[in-house]
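*Asks:* Pasting a structure below so you can have a look.
The values are calculated or read from the model by the stated rules, or taken from the named source; none is laboratory data. Nothing here was measured: the structure is a model prediction, and the numbers come from that model. All Cβ positions, even for glycine, are placed from backbone atoms using ideal geometry, and neighbour counts span all protein chains on display. Remember, those area values only see protein heavy atoms, side chains included, never the ligands or the DNA or RNA. Shrake-Rupley method; radii C 1.70, N 1.55, O 1.52, S 1.80 Å.
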Amino acid sequence: MTEEIHQLFNAIREEAEKRRNAFREAPVPKIHIGMATCGIASGAIETKKAFEEALAEQNIEAQIHTVGCVGHCYAEPIVIIDHPASGFPPVFYHEVTAGKAKMLTKLFLAEGDPRFEHVYGATEENELIPSVMEFPRFNQEKRVVMEKCGRIDPEDIYDYIAESGYSSLVKALQLKPEEIIREVQESGLRGRGGAGFPTGRKWELARQARGENKIIICNADEGDPGAYMDRTILESNPHQVLEGMILCAYAVGAGNATVYVRAEYPLAVKTVTRAIQQAKELRLLGKGILGTDFDLEINVFRGSGAFVCGEETALIQSIEGHRGTPQHRPPYPVERGLRGQPTVINNVKTLASVPQILNHGAAWYRSIGTESSPGTAIFSVVGSVVHPGLVEIPMGVTLRTLIFDICGGIPNKKKFKAVQIGGPSGGCLPADFLDTPIDFDSLTEAGAMMGSGGMVVMDEDSCVVDVSRYFLDFTQKESCGKCTFCRVGTYHLLSILERLTKGEGKEGDLEQLENLSLDIKNGSLCGLGKTAPNPVLTSLRYFRDEYEAHVSEKRCPGKICRALTAFYIDLDKCARGCDICGGCCPVDAVFSTKNRKKAIDQTRCVKCGECKVACPPDYQAVKKVSPPSLAPFIERPPKI
Amino acid sequence: MDEEILTEEALILNDIRSHLTTFEKERGNLIPILQMIQEKHAYIPREAIKLVAEYLEIPVCEVYGVATFYNQFRFHPPGKYPIKVCLGTACHVRSGDIILENFERKLEIKEGETTPDREFSIERVACVGCCALAPVAIVGETVHGHMAPSKVEGLLLRIRIEKEKQEREKLTISGNN
Ligand SMILES: Cc1cc2nc3c(=O)[nH]c(=O)nc-3n(C[C@H](O)[C@H](O)[C@H](O)COP(=O)(O)O)c2cc1C
Ligand code: FES
């Protein structure tokens, strides 16, 4: 048996290596272009086209290699040009527009000048160009799940195999299922879907459960409106997730598996579907995997975009064709899940960690991260940071390192105010917590939670009340309506928060927010309701003064809540005759007053802030104030 | 206009009927069927819900209940140029709502609606995965990053000019024939 497995796989690996070597050794430059959703959104398709056209026009031979996302979303479209004949190492370029692509083709590929002013860094150590590894954004990350993301072509299974892909499957097929489960248990891997349940334990329960047709589900529903790592992983390296699913199925004894991925992620759906097909063709999936008697079918179910369907019992309901309402647990899905069968539901990142664990061993995995949370965490860091994007760090790194070192800190010399972690179920932490290590338990203790891995960094110009309102607006709309406290309670929370942001807050509102929040937590069945008040509770705990300013002074300290702010033009600073603010105002609120200076008609102003951005830096005449009563009143002369 | 929509719907229903038979009559296929309709026709006509219910032999209210539960399904035809404004977390903190408002004001419709000439519709979406470009709006298939209220007008103007140009070209081509 063992021999047949090796024979079959060696043939595949040889083919992969042959292709890889042919690509590497071809005496032409290679252009690697990041083509995941974020790259495409920033114009990677146009960039690729520009390269192709320029190469054809100038008769240059080169190979274009489309890869996934490396997570450096601030720099998209990203292109790496490997042009050995020029004498330079592979060079990493950021924000490569179509124009830049044409320029680089001519100057670098044809004439050998890498254009230092556009270079971000070299991808390997060398004497000529500083390496990107000298930047904290590169050298402080630890890539376990996203190791191959952005390096391989997600549409080509051989690219994954050439990077030792599917080798842990070969290893696993020669082990007993119990041995795999033990390895996963020893690694201490905890579920990355939010709650952090020990994965090995879940698999063991599923293995012991009685059922003929056990099922594996990969949860790629990713409902948090600000997180996108699961999609990126599926788009950039789908085979690592599939390999994890196959290992899981082998370990628990399942014959069917489903990838539950949002229909709103068309590229991820396409990439996974193709990956499944390719794996089947090579007998890494389907009937008789690598010549053994282990069969597994994986299909794709497209989720229709309901946040609550990320919850495991609701997810099962929706696959069965019902409204996605969570069910009472127990029985847990590992005992009775989809179609009554024992079902293992794991997050994308959890499953993608398993091939790495089996390859390198449980002890290796334990050496990364902390005692109680081994391994890495992936965050999508957005908001006010210099280098937003996906970051994979070892657990235990502090928030300060993540935000200030790895992501480059707050832009425009603004001050840090808060960080919101964990999306709609998470919490808002102030500067005092910057030295909190990032792991499941420390974050929960601080009042936030790992949750989806969404992280929003807020500077002094942001409002925690508004952010709470935003998340409550989301959870209120997404509540499935089953539990009264969640359905009606979130509605009331939201209406109080709306009142606060409109300057209609009353005394007693803050107490009511607190009481109601606790009631919702107690009175809800599933995690959605149990965690929905978290954004409110943590921000009330740490930023109560801001809430109070909204209630008693009708003032928004971050000057964000529009009803509580006003714009006016400082007549001492306004240059007469400059019409820029008037030209950009979408509602004609700017008018000329004495000496052709400008003023703002407060009855018309929609507070978009466009005039403040447009006002030339030499004048900086447009001011934003809160409360609005601070803006001087200037009457608009009647239209002649 | 209404007349036109009705005949259009009749065609759509015929198309749906012919595709239904490729699905097995299982409750588990309800969502895939609705997705098929949504993808082929960009919305789910009222009559289609009845068709699906009959086909799967389940009550109409069940189908309607499921269809309305999920965000993916729409019940009105979208415009020729669907505008999606991202209101994910990153776009929200960068004032995505002001962008949305500007589109609403310029097109004189609300989010979720379609202009009477069925040219434009506005929708809000959650994170489209390019938070680094926030705030983001998507017109048709094109993602526009770093949106600003003043860019909204330019964007709509460009689409209108482009359309007029196409129409003129069409006229000259047919004129030449
Ligand atoms: C409201 C709600 C939304 C959830 N959304 C997701 C999600 O988008 N992705 C995910 O993997 N888990 C999500 N979960 C957690 C799942 O219920 C489940 O715990 C997880 O998929 C288990 O996988 P793990 O053990 O690998 O973490 C959600 C839970 C709740 C209560
Ligand atoms: S929040 Fe708008 S793109 Fe992510």
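*Asks:* From other protein chains only, count the Cβ atoms within 10 Å of every residue's Cβ in B:66-76, then give the mean.
*Replies:* Rounded to a whole number, the mean comes out at 5.
*Asks:* Continuing with the same structure: Rounded to the nearest 10 Å², what accessible area does A:Ser495 show when all protein chains are kept and the probe is 1.4 Å?
*Replies:* Accessible area, nearest 10 Å²: 40 Å².
*Asks:* Additional query: Can you compute 3J(HN,Hα) from phi for each residue in the range A:112-121, using the Karplus curve 6.51 cos²θ - 1.76 cosθ + 1.60 with θ = phi - 60°, rounded to whole Hz and x for Gly and Pro?
*Replies:* x, 9, x, 6, 3, 5, 9, 6, 8, x
*Asks:* On a straight-distance basis, which aspartates and glutamates could pair with A:Lys287 in a cross-link, Cα separation under 12 angstrom, same-chain partners fewer than 8 positions away excluded?
*Replies:* Reachable aspartates and glutamates: A:Asp295, A:Glu297.
*Asks:* Towards the positive end of the charge dipole of chain A, with charges on Cβ (+1 Lys, Arg; -1 Asp, Glu), say which of A:Ile81, A:Ala446, A:Val587 has the farthest Cα.
*Replies:* In chain A, that residue is A:Val587.
*Asks:* Okay, next question. Counting only DSSP beta bridges with both residues in the protein assembly as shown, what percent are antiparallel, rounded to the nearest 5?
*Replies:* Looking only at bridges with both residues in the protein assembly as shown, the antiparallel portion is about 55 percent.
*Asks:* When the helix-only estimate is applied to chain A (DSSP H runs of n ≥ 4, each -39,500 (n - 2.57), divided by the residue count), what is the mean residue ellipticity at 222 nm, nearest 500 deg cm²/dmol?
*Replies:* -10500 deg cm²/dmol
*Asks:* Let me ask something else about it. Of B:Thr142, A:Thr376, which has the most accessible area with a 1.4 Å probe, and how do the rest follow in descending order?
*Replies:* B:Thr142, A:Thr376
*Asks:* Still on this structure, I have one more. Please work out the Cα center distance from the range A:478-542 to the range A:174-198, rounded to the nearest Å.
*Replies:* Cα centroid of the range A:478-542 versus Cα centroid of the range A:174-198: 36 Å apart.
*Asks:* A further question on this structure: Starting from 0 in steps of 10 Å, tell me what percent of the Cα-Cα pairs of the range A:11-145 lands in each bin.
*Replies:* For the range A:11-145, the binned pair fractions read 12, 41, 36, 10, 0 percent.
*Asks:* When a/c is below 1.5 the answer is rounded, else prolate if a/b is larger than b/c, else oblate, so apply that to chain B with a ≥ b ≥ c taken from the square roots of the Cα gyration tensor eigenvalues.
*Replies:* Numbers: a/c = 2.48, a/b = 1.34, b/c = 1.85.
Judged from the Cα gyration tensor, chain B comes out oblate (a/c at least 1.5, b/c at or above a/b).
*Asks:* log10 I(q)/I(0), Debye, Cα-only the range A:281-373, no solvent, q = 0.15 Å⁻¹?
*Replies:* One equal scatterer on each Cα of the range A:281-373 leads to -0.86.
*Asks:* Now, a different point. Dividing the alpha-carbon Rg of the range A:379-529 by 2.2 N^0.38 Å yields what?
*Replies:* 1.09
*Asks:* Taking amide H atoms as placed 1.01 Å from N in the peptide plane, list the residues 5 or more away in sequence, or in a different chain, whose amide H sits under 5 Å from that of A:Val259.
*Replies:* A:Cys218, A:Asn299, A:Val300, A:Phe301
*Asks:* Between the range A:344-402 and the range A:211-236, what's the alpha-carbon centroid distance in Å?
*Replies:* 16 Å
*Asks:* Going through the cross-link list A:Lys506/B:Lys106; A:Lys349/B:Lys84; A:Lys413/A:Lys623; A:Lys102/B:Lys170; A:Lys148/A:Lys477, which pairs have a Cα-Cα distance over 26 Å in this structure?
*Replies:* Over 26 Å apart, Cα to Cα: A:Lys506/B:Lys106; A:Lys349/B:Lys84; A:Lys102/B:Lys170; A:Lys148/A:Lys477.
*Asks:* Quick check on the range B:59-164: of the DSSP beta bridges with both residues there, what percent are antiparallel, nearest 5%?
*Replies:* For the range B:59-164, the DSSP antiparallel bridge percentage is about 55.
*Asks:* How big is the accessible area of B:Glu47 in square angstrom, nearest 10, if you roll a 1.4 angstrom probe over the protein chains?
*Replies:* 80 Å²
*Asks:* If amide H atoms are built 1.01 Å from N in the plane of the peptide, which residues on other chains or at least 5 residues away come under 5 Å of the amide H of B:Arg74?
*Replies:* B:Ile44
*Asks:* Scan around A:Gly121 for amide H atoms under 5 Å from its own, H built in the peptide plane at 1.01 Å from N, and keep only partners 5 or more places away or cross-chain.
*Replies:* Counting only residues 5 or more places away or on other chains, the set is A:Phe92.
*Asks:* Can you name the helices of chain A, as whole DSSP H runs, whose Cα span along the helix axis is 15 Å or more and whose Kyte-Doolittle mean is not below 0.0?
*Replies:* Helices meeting the span and hydropathy rule in chain A are A:238-252, A:348-360, A:490-501.
*Asks:* List the pairs from B:Lys25/B:Lys50; A:Lys612/B:Lys151; A:Lys100/A:Lys270; A:Lys176/A:Lys202; A:Lys573/A:Lys597; A:Lys502/A:Lys607 whose alpha-carbon separation is above 19 Å, in the order I gave them.
*Replies:* Going by Cα-Cα distance, A:Lys100/A:Lys270 fall outside the 19 Å limit.
*Asks:* Would you mind putting B:73-85, A:47-59 in packing order, based on average other-beta-carbon counts within 10 Å, highest first?
*Replies:* Most protected by this proxy first, the peptides run B:73-85, A:47-59.
*Asks:* Among A:Cys611, B:Ile98, B:Pro32, pick out the residue whose Cα is farthest towards the positive end of the charge dipole of the protein assembly as shown, where Lys and Arg carry +1 and Asp and Glu carry -1 on C-beta, about the Cα centre.
*Replies:* It is A:Cys611.
*Asks:* Give me the Kirkwood hydrodynamic radius of the range A:105-259 in Å, from all C-alpha pairs, to one decimal place?
*Replies:* Kirkwood hydrodynamic radius for the range A:105-259: 18.6 Å.
*Asks:* I'd like the mean, over residues of B:143-155, of how many other protein chain beta carbons sit within 10 Å of each residue's own Cβ.
*Replies:* Average per residue, whole number: 3.
*Asks:* Can I ask one more? Dipole magnitude of chain B about its Cα centre, charges +1 at Lys/Arg Cβ and -1 at Asp/Glu Cβ only, in debye to the nearest 20? If you can, show how the numbers build up before the last one.
*Replies:* Values: 22 positive and 28 negative charges, 126 e Å.
Charge dipole, chain B, about its Cα centre: 600 debye, nearest 20.
*Asks:* Which number comes out as Rg/Rh for the range A:464-553 once both Rg and the Kirkwood Rh are worked out on C-alpha atoms?
*Replies:* Reported Rg/Rh, Kirkwood definition of Rh: 0.95.
*Asks:* Report, in whole Å, the centroid distance computed from the Cα atoms of the range B:1-55 and the range B:82-140.
*Replies:* Here the answer is 27 Å between Cα centres.
*Asks:* Still on this structure, please answer the following. Calculate the mean, over all residues of peptide B:82-91, of how many other protein chain Cβ atoms lie within 10 angstrom of the residue's Cβ.
*Replies:* Average neighbour count from other chains, rounded to a whole number: 5.
*Asks:* How compact and how long is the range A:345-399, expressed as Rg and Dmax of its alpha-carbon atoms in Å?
*Replies:* Both quantities, over Cα of the range A:345-399: 13.0, 38 Å.
*Asks:* Suppose every K and R has +1 on its Cβ and every D and E has -1 on its Cβ; what is the size of the dipole of the range A:161-311 about the Cα centre, in Debye to the nearest 20?
*Replies:* 160 debye
*Asks:* Tell me the carbon and sulfur percent of the accessible area for the protein assembly as shown, rounded to whole percent, probe radius 1.4 Å.
*Replies:* The nonpolar share, carbon plus sulfur, comes to 50 percent.
*Asks:* Hey, if you put +1 on the Cβ of every Lys and Arg and -1 on every Asp and Glu Cβ in chain A, which of A:Pro238, A:Ala172, A:Gly427 ends up farthest toward the positive end of that dipole?
*Replies:* A:Gly427
*Asks:* Order of A:444-450, A:614-620, A:524-530, A:82-88 by packing, highest average Cβ count within 10 Å first?
*Replies:* With the highest mean Cβ count within 10 Å placed first, the list reads A:524-530, A:444-450, A:82-88, A:614-620.
*Asks:* Same structure again: For A:Asp588, what is the net charge nearby, where nearby means another residue's Cβ is under 15 Å from its Cβ and Lys, Arg count +1, Asp, Glu -1?
*Replies:* Net of charged neighbours comes to +3.
*Asks:* Kindly give the semi-axes, whole Å and largest first, of the ellipsoid equivalent to the range A:565-630, taking each as the square root of 5 times a Cα gyration tensor eigenvalue.
*Replies:* With the √(5λ) rule applied to the range A:565-630, the semi-axes are 16, 13, 12 Å.
*Asks:* Another question, if that's okay. Kirkwood Rh over alpha-carbon pairs of the protein assembly as shown, then Stokes-Einstein at 25 °C and 0.890 mPa s: what D in µm² s⁻¹, rounded to an integer?
*Replies:* Approximately 86 µm²/s, per Stokes-Einstein.
*Asks:* Let me ask another. Under 18 Å between alpha carbons, and skipping anything fewer than 8 positions from A:Lys106 in its own chain: which lysines qualify?
*Replies:* Cross-link targets: A:Lys30, A:Lys48, A:Lys49.
*Asks:* Treating only the Cβ atoms of Lys and Arg (+1) and Asp and Glu (-1) as charged, compute the dipole magnitude of chain A about its Cα centre; round to the nearest 20 debye.
*Replies:* It works out to roughly 1920 debye.
*Asks:* Given the whole protein assembly as supplied and a 1.4 Å probe, what does the accessible area of B:Arg27 come to in Å², nearest 10?
*Replies:* Only protein atoms counted, so the area is about 60 Å².
*Asks:* Order A:392-400, A:213-221, A:539-547 from most to least packed using the mean count of other Cβ atoms within 10 Å. Write out the running numbers ahead of the final one.
*Replies:* On the way: A:392-400: 20.2, A:213-221: 25.3, A:539-547: 18.3.
Sorting A:392-400, A:213-221, A:539-547 by mean packing, highest first, produces A:213-221, A:392-400, A:539-547.
*Asks:* Which net charge results for the neighbourhood of A:Gly447, defined as the other residues with beta-carbon distances under 13 angstrom from its beta-carbon, given Lys and Arg at +1 and Asp and Glu at -1?
*Replies:* -1
*Asks:* Can you give the % of DSSP beta bridges in chain B that are antiparallel, to the nearest 5? It would help to have the intermediate numbers written out before the result.
*Replies:* Details: 7 of 13 bridges.
Taking every DSSP beta bridge with both residues in chain B, the antiparallel ones total about 55 percent.
*Asks:* Report, to two decimal places, the Cα Rg of the range A:195-278 normalised by 2.2 N^0.38 Å (N = number of residues).
*Replies:* Ratio of Rg to 2.2 N^0.38 Å for the range A:195-278: 1.16.
*Asks:* Return the aspartates and glutamates within reach of A:Lys639: Cα separation strictly under 20 angstrom, same-chain partners fewer than 8 residues apart disregarded; answer none if there are no such residues.
*Replies:* Reachable aspartates and glutamates: A:Asp579, A:Asp588, A:Asp601.
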